[in-house]
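Laboratory data are not the source of any read-out in this text; all were calculated from the coordinates shown. Computed from a predicted structure; not experimentally measured. No Cβ is skipped: glycine too gets one built from the backbone with ideal geometry, and neighbour counts run over all protein chains shown.
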Amino acid sequence: MKILDKYLLKTFLTTFTMVFVILFFIFILQSVWLFIAELAGKDLDLIMVLKFLLFAMPRIVPLVLPLSVLLASIMTFGNLAENYEFAAMKSAGISLQRAMKSLIIFISILSIVAFLFANNVIPYAEYKFINFRRNIAQLKPAMAIAEGQFSDVGLFNIKVNKKSGKDGNTLTGITIHKKSPLGDGNKTVIKAKNGELISSEKSSTLHLVLNDGNYYEDVATRKYEDMKKVPFAKSTFKKYIINIDLSKLNAVDVNNSNVSNTNTMLNLSELTYTLDSLHKNMDTEISSFSENINQRVGVLNRTMPVNVPSKNKILPKNLLSIYKNDKKLEVLNLAISTVENNVYSIDGTNTELENKQKNINGHLLAFFDKFVITYACFLMFFIGAPLGAIIRKGGLGLPIVFAVLIFITFHFINTFGKRVSQEDQLSPFLGAWLSSLILTPLAILLTYRATNDIGLINMDVFMAPFQKLFQKVFPSQK
C-alpha cells in the first residue's frame, strides 16, 4: 500500500470512528428516551438496564452507519480540498478516482460487514430484546407498575400508592381504570386497599389479586335525563383476581411497528421460507373463498362435468310471476338476506386478505432492507466524497449541514416508501429501494462534477438568461 493510500485511509478511519461513536451515543440517548417509561421507577438494577440497552443497540446501526460514512466522507475530502492537498495530488497526476481507491476498498469491506450484521446480529438482537422485555415482566411483574402514577398495562390503567416486598409484588392503595373494548373511555373503576402480583415463568399471564375493595361501573341509559344523573353500579369484594396478558407489555417498538410482526427477527433464509408459507396460505384462502362464494351464488365450476338436460326450459322474464302473491315476499326477503350475507362475507374476507398482504409486504421490506443498508454505504460515500471535494470545507460546520440535509432526505424518502409499500400502494421492492434510486443520480452527478473540477452550481448557466434580458432592456450606448 502506498503512502498516499495509508494517509487517506488513516484520515478517513479517524474521522469515521469519531463520527460513528458520537452519532451512536446520540441515538442511544434517543432510545433511552423512548423507553424511559419502562425503565424509570420499575425496580430494575443496573445490569438489567444495561442488557436492555445492549439488545436495543443493533437496531440503531442501520441509521448511524450510512450517516457516519456520509459525514466522514464530506469532512475528510473537505479538509483535503481546503488545505490544497488535492491540488498537490492533481499536480502530481493523481486523479480523484485514484485518491478514492483505498477508501472504496474499505467501503466495500464495510458494506459486506454491514450486510452480515443486518442478516445475523440484528435479527438475533431483536429476538433477545423482545423476549428480554417479556421475561422481565414475568420474573419481576412489579416492573409493569410504577408507584404514584398510572401505568398502562393492556386493558388496564393501574396506579398504586406504594410497592413493598422482595420484588415489589405487594401493593397498597390500588386504583384501576378498565378500558372499554369499544374505545369509548373508562367506564369501570376498581379500588382496593391492598393486593399482590403473582406470575410464573411458564405463563404469559400476570395475576393481580385484590383485597378489600369496591367495583364501580357506569350504567348505560337511553334517556338523556337519566344520563345527567350519571348512574353507576357498585359492588364490594373481599378478594378479586384480575388476569393481565403480559404480551401487551411488548406493544411498543422504536420503529413504530407492531412487535407481533416478527419479520425483523428473521434472517434471509428464514424470511424466504416464511414468505413462501405466507404466499401459499394466502393463495389457499383465496381459492377456498372463491369456491365457497361460487356455491353460495349458484355459479357452476366449469372444470366439473355438467349434466345438460335434454330439454331446455324457457324461464319467464319475470321469475316472481311463477309464485303466488303470499310467496313473493318470502322469496324477496330470502334474496335480500342472501345478498347481504354474501356482501358481509366478501367484505370480511377482503379485510383479512388485505391484512395478510400487509404482513407479506412487511416481510418483503425486511428482506430488501438487508441489501439496502449495503448499498447505502456506497451511496453515501459517493455523495460525501465528491461533495467534500467540491465545497472545500472540512471540520464540523458546513459538512454537518450538508450531511444532515442529505440524510434527512434519504431517511424521509425511505420511511415514506416503506409506509406506502406496507399499505400495498407500492411494490415492496420500490418502497425499500426508493430513496436509493432517487439519490443515485445525485451521487453520479457529484462524482462527475468533482472529477472534472466543476463547482457545485454553475452560476453562469442560471445568470445567462437574465444577462441577455438585461441587455435587451438596457442596450449599451456607443
Q. Among 282-295, 69-82, 368-381, 350-363, how do they line up from the highest to the lowest mean number of other beta-carbon atoms within 10 Å?
A. 69-82, 368-381, 350-363, 282-295
(Q) If packing is taken as the average count of other Cβ atoms within 10 Å, what order do 92-103, 382-393 fall into, highest mean first? (A) 382-393, 92-103
Q.
Could you check the spin-label model distance between GLU82 and GLU354? Points 7 Å from the Cα along Cα→Cβ, value in nm.
A. 5.3 nm
Q. For the pair LEU4 and THR172, what calculated FRET efficiency results from E = 1/(1 + (r/R0)^6), where r is the Cβ-Cβ distance and R0 = 56 Å, to the nearest 0.05?
A. 0.20
Q) Can you give the FRET efficiency for VAL49 and PHE429, using 1/(1 + (r/R0)^6), R0 = 41 Å, r = Cβ-Cβ distance, to the nearest 0.05? A) 0.55
Q) Per-residue HN-Hα couplings for the stretch 436-449, Karplus 6.51 cos²θ - 1.76 cosθ + 1.60 at θ = phi - 60°, whole Hz, x for Gly and Pro? A) 5, 5, 6, 8, 4, x, 5, 5, 5, 5, 5, 4, 5, 5
Q | Distance violations [Cα-Cα > 23 Å] among LYS163/LYS191; LYS51/LYS179; LYS128/LYS418; LYS187/LYS356; LYS162/LYS234 | A | LYS51/LYS179; LYS128/LYS418; LYS187/LYS356; LYS162/LYS234
Q. Which net charge results for the neighbourhood of LEU268, defined as the other residues with beta-carbon distances under 15 angstrom from its beta-carbon, given Lys and Arg at +1 and Asp and Glu at -1?
A. -3
Q. Which of the peptides 397-407, 57-67 is most tightly packed, and how do the rest follow, judged by the mean count of other Cβ atoms within 10 Å per residue?
A. 57-67, 397-407
Q. Tell me, what ³J(HN,Hα) does each residue in the stretch 360-370 have, in order and in whole Hz, if you take phi through Karplus 6.51 cos²θ - 1.76 cosθ + 1.60 with θ = phi - 60° and put x for Gly and Pro?
A. 5, 4, x, 5, 5, 4, 5, 5, 6, 4, 5
